[in-house]
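Bear in mind that the values in this text are calculations on the coordinates, not laboratory data. A quick note: this is a predicted structure, and the numbers were derived from the prediction, not measured. With ideal geometry, Cβ positions are generated from the backbone for all residues, glycine too; neighbour counts draw on all protein chains shown.
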Amino acid sequence: MRVVIAPDKFAGTLSAVEAANAIATGWLRRTPDAEIVEVPMSDGGPGFIGVLHAALGGELIGVTVPDPYGDPVPAVVLRVGTTAYLETAQAVGLHLHGPGDRRPMHGSSRGVGELIAAAVAAGATRVVVGAGGTATNDGGAGLLAGLGATGTGATLDAGPAGLAGLTAVDLAPARESVDGVTLVLASDVETQLLGLIGATKTFGPQKGLTDEELLVADGRLQTFAELTDRKVATAKGAGAAGGIGFALMLLGAERVPGVEVVAEVVDLAGALVGADLVITGEGAFDFSSRSGKVPYGVAQAATAALVPCIALAGQVLVGSREMRALGIEAAYSIVDRVGEERAFAAPAAALAELAERVARTWGR
């Protein structure tokens, strides 16, 4: 039996590489003769660089950039030939500060702009930005400032709070800094920038914005969009990573689903040839997984290859009907199997145990 294991990270516990290895370990305990193909995945969020480096090799260039609040944080640019890959979460990730330390009205994406500048300085003529998992909600204004853009009446790199009083934006220096460079936005969501289904209303609460701040922040981004390009603000993916997608699109970036970028790099389609089963997974498997997340992307590829797909997850929060709408035959929860305490205390062992149990049903 040929089994392709293609999970995302299990946020806060396991990287995609570690999750794939744990699933393989458990599966082989039950079916030691199985042929296992591990294909760790990412949707552009945290772990994007790790998955690509494991698949592509290349050179990791260390960079120090400002985190959301201006403190230095280490990050890397992965250079493969003339293409550079970078990850927004390394510079301005939600994981960099605990809930009590987050100041979303003041969080800036400047560090991502400096990462892009470092990639260009390293000779890249194509820069792929994995966008997701950020603590920022500044519409990418900080990113643009990091590349030289300036504002009149306000500052671009002090979060939504800093955009108060903004009357004009000069994007020319930022555009000149990436002149001749192909930019690609690899995002995990299709959210637009503004409004009820925009970045602020959809993802602001998980970043710590209060109800009152949601209204203020969205209003500041509306002004920012009107001073730059309101039409771009309605594009799919403009709201990715707190609006970093919008800033990249202002610079001419093409938006593609992050999971598709990774699937092509790791040759997921090639791995599926001759497969009998595909196993995907993530920390929380819910209906939002349809919005560009790894399980949906893997399931679609499996469907195209006529291979059944199942999911292992920390928690499963959808029913069988929703699973099938996502292209998943069945989903299994670590928490339901071993309990929440053990799931977090020993995640790799718990995931391996779940995989071993699931192999009793599917490993035939």
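Counted over the chain, the DSSP beta bridges are approximately 30% antiparallel. Proximity of backbone amide H atoms, modeled 1.01 Å from N, is registered between residue 281 and 8, 312 at under 5 Å, excluding neighbours fewer than 5 places apart on the same chain. Residues 320, 109, 42, ranked from the fewest to the most other C-beta atoms within 10 Å, line up as 320, 42, 109.
Compute the angle between helix 110-121 and the longest alpha-carbon principal axis of the chain, please, reported from 0 to 90 degrees and rounded to the nearest 10. With rounding to tens, the tilt is 80 degrees.
Using the Cβ-Cβ distance between residue 30 and residue 152 with R0 set to 51 Å, the FRET efficiency works out to roughly 0.20. Take every Cα pair under 8 Å whose residues are at least 6 apart in sequence, average their separation, divide by the length of the chain, and the relative contact order is 20 percent. Between residue 54 and residue 103, what is the spin-label point distance in nm, taking each point 7 Å from the Cα along the Cα→C-beta axis? The modelled label-to-label distance comes out at 3.6 nm. With K and R counted +1 and D and E -1, the other residues having a Cβ less than 14 Å from that of residue 84 yield a net charge of -1.
The antiparallel fraction among DSSP beta bridges confined to the stretch 48-259 stands at about 50%.
Counting other Cβ atoms within 10 Å as a rough exposure proxy, the listed residues 60, 144, 94 run 60, 94, 144 from fewest neighbours to most. Ellipsoid fit via the Cα gyration tensor, the stretch 141-295: semi-axes of 32, 20, 11 Å, each the root of five times an eigenvalue, largest first. For residue 147, neighbours were defined as the other residues whose beta-carbon sits under 15 Å from its Cβ, and their charges (Lys and Arg +1, Asp and Glu -1) total -4.
Of all lysines in the structure, those lying under 30 Å Cα to Cα from residue 231, and not within fewer than 8 positions of it along the same chain, are 201, 207, 293. For a paramagnetic label modelled on residue 172 (point 7 Å from Cα along Cα→Cβ), amide N atoms under 16 Å away belong, within the stretch 140-160, to 148-152.
Sorting 184, 261 by the number of Cβ atoms found within 10 Å of their own Cβ, with the fewest placed first, yields 184, 261. Quick one: pull the percentage of alpha-carbon pairs in the stretch 110-151 with a separation above 16 Å. Counting pairs separated by more than 16 Å, the tail of P(r) holds 37 percent. Two decimals is fine: what's Rg over Rh for the chain, C-alpha atoms, Kirkwood radius as Rh? Taking Rg over the Kirkwood Rh, I get 0.99.
Relative contact order, whole percent, for the stretch 48-259 stands at 20, derived from Cα pairs under 8 Å and 6 or more residues apart.
Any chance you could list the semi-axes, whole Å, largest first, of the equivalent ellipsoid that the Cα gyration tensor gives for the stretch 48-259, using √(5λ)?
Equivalent ellipsoid semi-axes, largest first: 25, 18, 16 Å.
Karplus-derived 3J(HN,Hα) values for the stretch 22-27, using 6.51 cos²θ - 1.76 cosθ + 1.60 with θ = phi - 60°, are 5, 5, 4, 4, x, 5 Hz; glycine and proline are entered as x. Neighbours of residue 96 by Cβ distance under 13 Å: Lys/Arg scored +1, Asp/Glu scored -1, total -1.
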